[in-house]
Amino acid sequence: MRIDKEVVRTIVKRCLGYKKGEQFLIVCDDKLYSLAYDFYKLTKSLGVESILLQMAPRKMHGQEPPEVVASALKQANAAALLTSVSLSHTKARKTASFEYGTRIASLPGITEEILRRSISIDYSSLQKKAARLAHLLTKAKRIEISTKNGTHLVMSVNGRKGFSDNGIYTEKGAFGNLPAGEACIAPCEGTTNGRLVVDGSAPFAGRLKRPVEIIIRNGYAQDITTSGISALKKSLGRCVLNVAELGIGLNPKAKVTGNTLEDEKAQETAHIAFGNNKSFGGRISCPSHLDFVFFKPTILIDGARVN
């Protein structure tokens, strides 16, 4: 067995609050079936009423799953999404959470190494840190971000709500990623300006060997030269370049290795995402959400440093 039983116990019972008599759904795709099957067997050994549902991989993050999967998500009490690409921003996931009350943890691109390294943490401590930072983001009007590597961005978040991803999804309809550990906010559309130097990881590229520079004007990247972005822009339009999110990593065990799921949670990092932000308070609906992770940011909220 490649997965530690205690890690599965933490996800199912600590993070998702499984109770006896509930139905627990595991959604996987072909690429992660082997890992998901191990996960399924371990949930069964813990006395969990589990259902494993396998589908073909989606072509890109945010693409809708088959209707059978969407229907199953509505009927489950809690679910873990072990897929190679993210279902987090799909209508199927949001409907299951918001309208049917399903508790859902999304683990896109999860690996055995990430499970071993980043799940078993002090969730009480993480809750406090994430809640504090989310509160500061909610109260904020202006944010300024800089790094020694050359990043300098300013943005308005006036009127926007900060969110905490603390790994505890025990309330009806709760949703988040695992591994967890970030506070985030959707900047006001059209207000982000400056230079972003990405030295951690980028979509399609993974862990970066050389920094990538992105110039942002009036809320949109002028160009993103990493592989795959041009084709996505051609297919989906300008929404792909919308500054959708500022996130701040808080997980003490997460590392930047090139897997966005874990990268964006690592301490001493921040990330700017481009594309969809409607699911956390923004106005842009786009079937794409791409996170760019960078190291050691200095973050000023209304002039006061917060990290």
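The values are calculated or read from the model by the stated rules, or taken from the named source; none is laboratory data. Please read all numbers here as calculations on a predicted model, not as lab measurements. Note that we place each Cβ from the backbone using ideal geometry, even for glycine, and neighbour counts take in every protein chain shown.
For segment 128-162, the candidate set comprises residues that are closer than 22 Å to Val197 by Cβ and in a loop (DSSP other than H, G, I, E, B); within that set, the residue that is nearest to the chain's Cα centre (by Cα) is Val157. Output the residues belonging to segment 65-87 that are crowded, with 22+ Cβ neighbours inside 10 Å and of a type in the set (S, T, N, Q). Thr83, Ser86, listed by residue number.
Of all residues in segment 179-205, exactly one satisfies the criterion of being farther than 18 Å from Phe295 by Cα and among the acidic types (Asp, Glu), namely Glu189. Filtered by the rule that a residue be charged (D, E, K, R), in contact with a Ser or Thr (Cβ under 9 Å, 6 or more places away or on another chain) and closer than 21 Å to Thr102 by Cβ, segment 13-48 gives Arg14, Asp29, Lys44.
Residue count for segment 234-252, restricted to those that are more than 25 Å from Ser156 (Cβ to Cβ), modelled with pLDDT of 95 or more and not in a strand (DSSP E or B): 1.
So that you can scan it fast, the table gives a plain yes or no per residue for (1) over 30 Å from Phe39 (Cβ atoms); (2) at pLDDT 95 or above; (3) within 14 Å of the chain's Cα centre (by Cα); (4) not aliphatic (A, V, I, L, M):
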| residue | (1), (2), (3), (4) |
| --- | --- |
| Lys172 | no, yes, no, yes |
| Gly176 | no, no, yes, yes |
| Gly181 | no, yes, yes, yes |
| Cys188 | yes, yes, no, yes |
| Thr192 | yes, yes, no, yes |
| Pro211 | yes, yes, no, yes |
| Ile215 | yes, yes, no, no |
| Gln222 | yes, yes, no, yes |
| Thr225 | yes, no, no, yes |
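Between Leu82, Leu126, the distinction of being at pLDDT 95 or above, under 30 Å from Val240 (Cα atoms) and of a type outside the set (Val, Ile, Thr) belongs to Leu82 only.
Inclusion of Ser164 among residues that are polar (S, T, N, Q), assigned by TED's automatic domain parsing to the domain that holds Leu16, touching a strand residue (DSSP E or B) at 6+ places or on another chain (Cβ under 6 Å) and within 30 Å of Val69 (Cα to Cα) is not warranted.
Restricting Glu99, Glu67, Glu144, Glu171 to those that are more than 25 Å from Glu22 (Cα to Cα) and charged (D, E, K, R) reduces the list to Glu144.
Per-residue answers, yes or no, for (1) assigned to a strand (DSSP E or B); (2) assigned by TED's automatic domain parsing to the domain that holds Ile214; (3) surrounded by fewer than 16 Cβ atoms within 10 Å (Cβ to Cβ):
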site	(1), (2), (3)
Ala254	no, yes, no
Glu262	no, yes, no
Ala273	yes, yes, no
Ser279	no, yes, no
Gly282	no, yes, no
Ser285	no, yes, yes
Phe294	yes, yes, no
Ile299	yes, yes, no
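When you look at Ile168, is it at pLDDT 95 or above, within 22 Å of Thr83 (Cβ to Cβ) and of a type in the set (Val, Ile, Thr), yes or no? When the stated conditions are applied, Ile168 passes them.
With the structure loaded, tell me whether Arg58 is outside the structural domain of Thr257 (by TED's automatic domain parsing), more than 23 Å from Ile168 (Cβ to Cβ) and of a type in the set (Lys, Arg) or whether it fails that test. Show your work before the answer.
Numbers: outside the structural domain of Thr257 (by TED's automatic domain parsing): yes; more than 23 Å from Ile168 (Cβ to Cβ): yes; of a type in the set (Lys, Arg): yes.
Criteria met by Arg58.
If you go through segment 94-113 and pick out every residue that is in contact with an Asp or Glu (Cβ under 9 Å, 6 or more places away or on another chain) and buried (at least 22 other Cβ atoms within 10 Å of the Cβ), you end up with 2.
In a residue-by-residue description of segment 48-64, the property of being of a type in the set (D, E, K, R), part of a helix (DSSP H, G or I), modelled with pLDDT under 95 and surrounded by fewer than 22 Cβ atoms within 10 Å (Cβ to Cβ) applies to no position.
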